[in-house]
Amino acid sequence: MPAKPRREDASFDLTSMIDVTFLLIIFFMCVTEMAHIEYENLTLPAAHQSVKDSPAPPRRQVVNVRYGYGNGPERSEIVVRQRVFDETNRLAEFLREQDRLARRQGQADGIDVKIRADGRAEYQKVQQVLVACMKAGIARVSIGAAPSPR
Amino acid sequence: MAATLEERFKDPELCFTSLIDIVFLLLIFFMCASRFKQVEEKLEAFLPNDGNRTDRTLVLPPSELTIFVRDDAVMRESDSFNIKALRKATFYLGSREATPVTDVNRMLPVLQQLAETPGQRVLIALYDEQAGQDQRVPFFNVVQVVDACKAAGIANIAFQAPAQPR
């Protein structure tokens, strides 16, 4: 009596694929978290004469001016490390403190300030940041811009 | 019916189908939720280091050009939809009575002539500084002025502080 042909189930090992998928998930989870600390999501204005921003100065404070979040007709607000500053004096005090900390840690020139303002934000709000920098005694200020084809 | 010897010593099997489905859903979620870092550049500026002095009467250098920026939007922002991107600015070179300029490129010849003399400074100021004015100058217009100054070769660019403390 001929032997019945044995049916073999087609199967493949998915273990490696699950490992790689978990690695990808962990990678994207970590990358997403790190991107939000200092840099707010906004649209920088384009400029032709802007220069490369890397490597970043050792002690730099990023001040964001985002659009579409504030109350009232201005709809712009100043955000530093996810903290909103309504008054110029408070921002000046914060920057002065950061500058003092940097000098105490050996940075003789103090801090640089980078103003990342949305292109649609009101210039009056950026003026407040500039005034706060002046009050804090910070002279080196740069304005964030999106690269534009020259 | 008693289990056969083969069935009794068969390796326990786990069904991974649901796990793979959930894992792929999570992966797609994080791929969509994460954003690529925007390549950024910068425009350098230097502020006068005057500490806590709020006096706006600065000693002007011998030659300085003030560029007044004015909100010249045709349409106003409404609550129903955002048309902020359509707001434009008008530029006045030297004084508020000067001929208004809407295209920044038309300022280049004046700025290039200014740049020929060393020590020139450009001061960017608002046309209407009184509190309560419904003048909202979008920041990208000011960046256009800074960009034009740098293209003309003027490195000394200053920003006038607002008239009233905020």
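A short reminder: the numbers here are calculations on the coordinates, not readings from a lab. Just so you know, these numbers come straight off a predicted model, no measurement behind them. We place every Cβ from the backbone using ideal geometry, glycine too, and count neighbours over all the protein chains shown.
For the stretch A:46-147, the pair-distance distribution built from all alpha carbon pairs, in bins 5 Å wide starting at 0, is 2, 13, 23, 23, 19, 12, 5, 1, 0 percent.
Give the relative contact order (percent, whole number) for the stretch A:46-147; include only Cα pairs under 8 Å separated by 6+ residues.
Values: 147 pairs, mean separation 36.3, N = 102.
Once normalised by length, the contact order is 36 percent.
Checking the cross-link pairs A:LYS135/B:LYS150; A:LYS114/B:LYS150; A:LYS125/B:LYS42; A:LYS135/B:LYS88; A:LYS52/A:LYS114 against a 22 Å limit on the alpha carbon distance flags A:LYS135/B:LYS150; A:LYS135/B:LYS88 as lying beyond it.
Counting Cβ atoms of other protein chains within 10 Å of each Cβ in A:110-123 and taking the mean gives 5.
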